[in-house]
Amino acid sequence: MSKQKTKKKEKSITCLNCSKKFYVTPAQAKKRKFCSRDCSIAYSKKTKEDNFLEEKKKEVAQYIKDNSQKIEEKISEKRCTEDINDRKFRPLFFYLTLLFFFVFLLYYQQELFKLKINEIESVYDSEEVFNKYGKHKKQNSEFIRYEEKLKEKEKEIRAIQEKLDDVMQKHRLIKARIDREEHIRGDIENLNGEMGEEENVNLGDINLEILNLINKERVGSGLNELVYSKLVENIAARHCDDMIHNEYVEHSNFEEFAQEELGDDYIEIGEILANNFNNSEEILDSWLESASHRDVIFYDKWNKIGISSVVQNNGTYLISVCFLRD
């Protein structure tokens with residue numbers, strides 16, 4: 001035997017709080033008025049607030065009924081004070097408008113009087129005015145010509161001043177270069193005197209400049225000034241000749257030449273190279289931009305230096321600078 005399930009009839013109810021429809025059984029329809037517990041809690045809160053507001057409204061209405069006469073008296077008093085103030089300021093405003101009107105009339109009459117006087121002068125004194133204007137016009141034209149001449153002279157003076165400034169700048173540069181070369185020569189002579197007859201040094205211009213620049217940078221960094229050595233120069237010269245002959249630019253055979261020249265009479269030796277440069281300052285800038293070259297230049301244990309430079313076929317220099325700690 002088969003059993004058939006009979007569905008109970010459900011009734012739709014709208015929630016009092018959120019106005020949503022939900023379905024319940026006829027037995028629950030009498031009791032349930034909300035779709036959920038949250039809606040019932042929210043509705044109870046709303047009813048409490050509404051009841052509180054209605055009570056306050058009733059209290060305010062009762063207060064107004066009880067004190068209506070006092071409120072009307074205060075309103076009437078305020079209106080009376082405003083009317084009194086208006087009555088006080090009305091005549092003052094009237095007198096001020098009258099005064100402004102009279103001042104305007106006087107100003108207008110004065111302007112009309114001036115216009116009439118100008119018309120009379122233009123009619124009766126036209127020739128005298130013309131003569132005066134012609135004289136002033138001539139004087140103005142002469143003054144304008146004089147100003148133009150002054151401006152031209154000022155332009156010429158400025159051009160001459162610019163030329164003089166250029167010449168003085170060139171003179172300063174030449175003087176500074178001469179002073180620097182004399183200073184370098186004096187340093188080299190002092191070095192030659194310190195090293196004696198066995199290590200008498202005769203360097204080229206670029207070698208002198210590089211020596212002076214390196215010592216200047218070291219002294220500026222608080223390090224010792226390097227002494228020029230002919231033996232160290234021989235190591236740099238042999239390495240330069242080998243690089244030119246075998247067409248390479250590396251530090252590969254550098255230590256062999258140092259061993260042959262010095263033997264075991266040194267503690268440390270280092271070298272930096274420069275290729276395809278024409279200016280000593282550019283060479284130093286390129287070395288200072290490289291961290292490895294800076295480490296060699298600013299090593300605080302060096303005490304001697306030797307420099308060799310060779311002019312290549314393209315007119316640039318190949319330079320080797322050797323540093324020694326003995």
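The values are calculated or read from the model by the stated rules, or taken from the named source; none is laboratory data. These figures come from a predicted structure and were not determined experimentally. So basically every Cβ, Gly included, is an ideal-geometry build from the backbone, and we count neighbours across all protein chains shown. For the accessible areas, the whole protein counts, side chains as well, though only heavy atoms, and no ligand, DNA or RNA atoms are used. Shrake-Rupley method; radii C 1.70, N 1.55, O 1.52, S 1.80 Å.
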Query - Net length gained if the chain between residue 290 and residue 36 were fully extended (0.36 nm per residue, minus Cα distance) - result: 83.5 nm
Query raised in the report: R0 = 51 Å: FRET efficiency of residue 275 with residue 156, Cβ-based, nearest 0.05?
Result: 0.50
**Report entry** From phi via Karplus (6.51, -1.76, 1.60), per-residue ³J(HN,Hα) for segment 281-294 in Hz, x at Gly/Pro
**Finding:** 5, 5, 4, 5, 4, 5, 5, 5, 6, 9, 5, 5, 5, 4
Query raised in the report: Ordered by residue, what ³J(HN,Hα) values in Hz, to whole numbers, does segment 39-53 give under the Karplus form 6.51 cos²θ - 1.76 cosθ + 1.60, where θ = phi - 60° and Gly and Pro are x?
Result: 5, 5, 5, 5, 5, 5, 5, 4, 4, 4, 5, 5, 4, 5, 5
**Report entry** Note, ³J(HN,Hα) from phi for segment 296-310, Karplus 6.51, -1.76, 1.60, rounded to Hz, x at Gly and Pro
**Finding:** 5, 5, 9, 6, 7, 8, 5, 9, 9, 8, x, 10, 9, 9, 10
Query raised in the report: Could you give the Stokes-Einstein D for segment 206-326 in µm² per second, using the C-alpha Kirkwood radius, 25 °C, 0.890 mPa s?
Result: 170
Query raised in the report: Once both labels are modelled 7 Å past Cα along the beta-carbon direction, what's the residue 148-residue 74 spacing in nm?
Result: 8.6
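So which of 45/65; 116/149; 57/78; 33/57 end up more than 32 Å apart, counting from Cα to Cα?
Numbers: 45/65 30 Å; 116/149 44 Å; 57/78 26 Å; 33/57 29 Å.
Result: 116/149 exceed 32 Å.
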Report summary line: Around residue 308 (Cβ within 9 Å, Cβ-to-Cβ, excluding residue 308; K/R +1, D/E -1) the net charge comes to -1
Report task. Find how much the distance from residue 216 to residue 46 grows on full extension, using 0.36 nm per residue of separation minus their present alpha carbon separation; answer in nm with one decimal. Result -> 52.2 nm
Report summary line: The extension gain from residue 117 to residue 11, computed as 0.36 nm times the residue separation minus the Cα-Cα distance, is 27.6 nm
Query - Accessible area, probe 1.4 Å, largest first, for residues 218, 238 - result: 238, 218
Query raised in the report: Between rounded, prolate and oblate, where does segment 258-323 land on the alpha carbon gyration tensor, with a ≥ b ≥ c its root eigenvalues, rounded for a/c under 1.5, else prolate if a/b exceeds b/c?
Result: oblate
Query raised in the report: Among 326, 295, what's the order by accessible area (1.4 angstrom probe), most exposed first?
Result: 295, 326
